[in-house]
Amino acid sequence: MRFNIGLIYIIIFISFYSCSKKEEKVSVLNEKNLEMQMIEVYNQAIKEFERGDVIYAGKKFAEAELLYPQSIWAPRSVLMSAYGYFSQGYYSDAINDLERFLIKYKNHPRTDYAYYLLALCHYDQIIDEKKDLNEIQLSKKYFEHIVKNYPNTEYASDAKYKLEFIIEILASKEMYLARYYVQREKWIPAINRFKVIVQDYETTIYIEEALHRLVELHYRLGMIDEANKYALFLGYNYQSSQWYEASYKILNKNYKRKEINNKDKSNKILDNFKKIFK
């Protein structure tokens, strides 16, 4: 009787073990099948992308990701979908994909590319600096993130270049507003805007005009010391510029520009040119 009970235990154990092995095999087969299906769908998406149908390609990439989210192909699908939308100007769709990628796959090795493409999506939507402030600020934010966190990547150098352009755009916006206030004789708001350019955008092409306008407006308001302060700064850094000359005229009423004889000037240029070949 005891022997029979022991035999029953052995049979039960073997049956459980064989069932677990079958389940493991089925699980492995299911994973393989899922990955194969995903790769097939991914390849279909690539074909549609190459044909130029990025909308349908995006749907297929999304389908591929859903089939097997744990696969290495899932984050690739999201990035390819985002790039497809971006390439055809569907920026909102691309941004949605990229923001989801950065949340879901935040430790992925191509995170730097995702941030770069996200920055470009906002950057390419800048048309008018007076209207597209949100896109300007977002592109600036993401390009600065790339420069700070991925300084040794190929994207960082391009991000720096584009940031220079963005800074010029932001400075031009401040200049536009400052001129607007000047036209309406709102001197204090105009002064504040010109000061923003001096403080935050001193490397831009607008710095010289901003300094001159500060000389001009402070002089108009009777604040001579302040006008002199900005004139000195302008003269020290940009003495040869037309804006320095204009400021100098305001503070020195007897100023007369020295006329240059064009003939003498031409002869001097020619002489200098000849010296190169001596």
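Of the residues making up the range 92-103, those that are within 9 Å of residue 118 (Cα to Cα) and touching a Cys at 6+ places or on another chain (Cβ under 9 Å) are 94, 95, 98.
Of the helices (runs of 4 or more DSSP H) that lie entirely inside the range 110-199, those containing 3 or more residues that are touching a Leu at 6+ places or on another chain (Cβ under 6 Å) and surrounded by 20 or more Cβ atoms within 10 Å (Cβ to Cβ) span 111-123.
Please indicate, with yes or no, whether at least one residue in the range 88-106 is charged (D, E, K, R) and either touching a Gly at 6+ places or on another chain (Cβ under 6 Å) or in a loop (DSSP other than H, G, I, E, B) (or both). Yes, the conditions are met somewhere in the range 88-106.
Looking for something farther than 24 Å from residue 99 by Cβ, under 15 Å from the mean Cα position of the chain (by Cα) and among the small types (Gly, Ala, Ser) - is there at least one such residue anywhere in the range 142-160? Checking the range 142-160: at least one residue is farther than 24 Å from residue 99 by Cβ, under 15 Å from the mean Cα position of the chain (by Cα) and among the small types (Gly, Ala, Ser).
Each value in this text was obtained by applying a stated rule to the coordinates, not by laboratory testing. Please read these numbers as outputs of a predicted model, since none were measured by experiment. Here Cβ is always computed from backbone atoms with ideal geometry, including for glycine, and neighbour counts include all displayed protein chains.
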